[in-house]
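Here is the structure we will look at, set down as structure tokens.
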Amino acid sequence: MVNEINGLNKLNELVNTNKKVLVDVYAVWCGPCKMLSPIVDKVAEDTKDLTVVKVNIDDNEDIASKFGIEAIPTLLVFEDGKLKNSNVGFVPEAKLRELVK
């Protein structure tokens, strides 16, 4: 299950207490974000060692500022508390699976 989180403090806590985290940064008005959402959900369901969360950029400007997010959807992959990978824009399922490996 993919949960939505709010706030940089909550994100930092999550990233520092889980081995691998995928953050889907989106907005409700974003067409590519809506197309990506079911793919993120499927990867979350299939990948047991991955914690997946969604962040609404309109409600979390602090997160956008911290990670320099200027376009959405943006995917951030953290491993062992550090940003390991990122992607801006829609990606097909195979590419998303590569990002989180």
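The values are calculated or read from the model by the stated rules, or taken from the named source; none is laboratory data. The shown structure was predicted, so the numbers you read here are calculated from the model rather than taken from an experiment. Neighbour counts run over all protein chains shown; Cβ positions are idealised from the backbone, glycine included.
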Hey, does region 84-99 have a residue that's of a type in the set (A, V, I, L, M), at pLDDT 95 or above and not in a helix (DSSP H, G or I)?
-> yes
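I need a count of the residues in region 72-83 that are touching a residue at least 24 places away in the same chain (Cβ under 8 Å) and either outside any loop (DSSP other than H, G, I, E, B) or of a type in the set (Val, Ile, Thr) (or both).
7
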Quickly run through region 40-66 and pick out the residues that are more than 20 Å from GLU79 (Cβ to Cβ) and among the β-branched types (Val, Ile, Thr).
-> ILE57
